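To start, the structure under review is shown below, and the notes come after it.
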Amino acid sequence: MTWSEAEYVEYLQGERRAYAWVMRRYGNLTLPESWAAALECYPYEPADEPYRGLVFHDEAWHWAMGRIHGDRYVVEHPELADPPAEYRALG
C-alpha cells in the first residue's frame, strides 16, 4: 500500500487508540499500561521500511484480543469474533 506520511501517521494513531481502548476495556490495563501496549504493538516504522504497515493487515481488535485471550480467541470466545459498536465508533 502506498500512503503519504500524514496518512500513515493518522492510521497508526487510530490503530493505537483502538488497541489501547480494547486493552483497557477487555484486558483490564490502566491507561498508561494500555498506551504502552499500543506503542509496543504499533511502533512507528520509517518510510523506507520494506514491510511498513504490515501490522495493519488485521485491525487492532484482532491483535488486542489475541494478546488477551490467545490466537484461538475466535474459537474459544466466539462472542468476541466481532467488535462491539463502541469499538467501531472509535474510528
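General observations
- Some residue of the range 58-70 being touching an Asp or Glu at 6+ places or on another chain (Cβ under 6 Å) and either among the small types (Gly, Ala, Ser) or loosely packed, with under 10 Cβ neighbours inside 10 Å (or both): yes
- Test for ALA18: is it touching a residue at least 60 places away in the same chain (Cβ under 8 Å), touching a helix residue (DSSP H, G or I) at 6+ places or on another chain (Cβ under 6 Å) and not acidic (Asp, Glu): yes
- Output for the range 60-76, where each listed residue is out of contact with any Pro (no Cβ under 8 Å at 6 or more places or on another chain) and either within 19 Å of LEU90 (Cα to Cα) or in contact (Cβ under 8 Å) with a residue 12 or more places away in the chain (or both): ALA60, HIS62, TRP63, ALA64, MET65, ARG67, ILE68
- With respect to the stated conditions, ARG16 fails to be within 22 Å of HIS69 (Cβ to Cβ), in contact with a Ser or Thr (Cβ under 7 Å, 6 or more places away or on another chain), modelled with pLDDT of 95 or more and of a type outside the set (A, V, I, L, M, F, W, C).
- Output for the range 34-55, where each listed residue is surrounded by fewer than 15 Cβ atoms within 10 Å (Cβ to Cβ) and within 14 Å of the chain's Cα centre (by Cα): ALA36, LEU39, GLU40, PRO43, TYR44, LEU54
- Evaluated against (1) over 15 Å from the mean Cα position of the chain (by Cα); (2) exposed (fewer than 11 other Cβ atoms within 10 Å of the Cβ), VAL74 falls short on exactly one condition, (2).
The values are calculated or read from the model by the stated rules, or taken from the named source; none is laboratory data. This structure is a prediction, so every number in the text was calculated from the model and none was measured. Here the Cβ is made from the backbone with ideal geometry for all residues, glycine too, and neighbour counts use every protein chain on show.
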